[in-house]
1. Output wanted: per-residue J couplings in Hz (rounded whole) for the range 4-12, from phi through Karplus 6.51 cos²θ - 1.76 cosθ + 1.60, θ = phi - 60°, x for Gly and Pro.
2. May I ask you to evaluate 6.51 cos²θ - 1.76 cosθ + 1.60, the Karplus curve with θ = phi - 60°, for each residue of the range 60-68 and list the ³J(HN,Hα) values in order in whole Hz, giving x for glycine and proline?
3. How would you rank 42-50, 61-69, highest first, on the average number of other Cβ atoms within 10 Å across their residues?
4. Between Val30 and Trp61, what is the FRET efficiency for a Förster distance of 25 Å, r being their Cβ-Cβ separation, to the nearest 0.05?
5. Taking 0.36 nm per residue of separation and subtracting the Cα-Cα distance, what length does fully extending Leu10 through Asp42 add?
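Every read-out reported here was derived from the displayed coordinates using simple, explicitly stated rules and does not represent laboratory data. Everything numeric in this text was worked out from a predicted model, so none of it was measured. Note that we place each Cβ from the backbone using ideal geometry, even for glycine, and neighbour counts take in every protein chain shown.
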Amino acid sequence: MNASLRIAALILAAAGLSACASGMEKSTYVQPQPVNSIVTDDAYVAVVERAARRRGIGVMWVNLPTKHLTKATE
């Protein structure tokens, strides 16, 4: 009797867990959008290169300056 009670409890627990796992399906897939995007700061690059040209200096960017764009909340 004790063994059959354990088997019944195990089957009940497995059925309950499988029901919880199947409830997380999505009907359609929407690709997540990045919250923060990193892009090259073209305005800053233009300002620095313009100032350098006026002074006769050549600029070689090793790491382009970047800026972080945050997604606007709606």
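1. Couplings: 5, 5, 5, 5, 5, 5, 5, 5, 5 Hz.
2. Rounded to whole hertz, the list is 10, 7, 8, 10, 4, x, 10, 9, 9.
3. Going by the mean number of other Cβ atoms within 10 Å, highest first, we get 42-50, 61-69.
4. That pair, Val30 with Trp61, gives E of 0.10.
5. 5.3 nm
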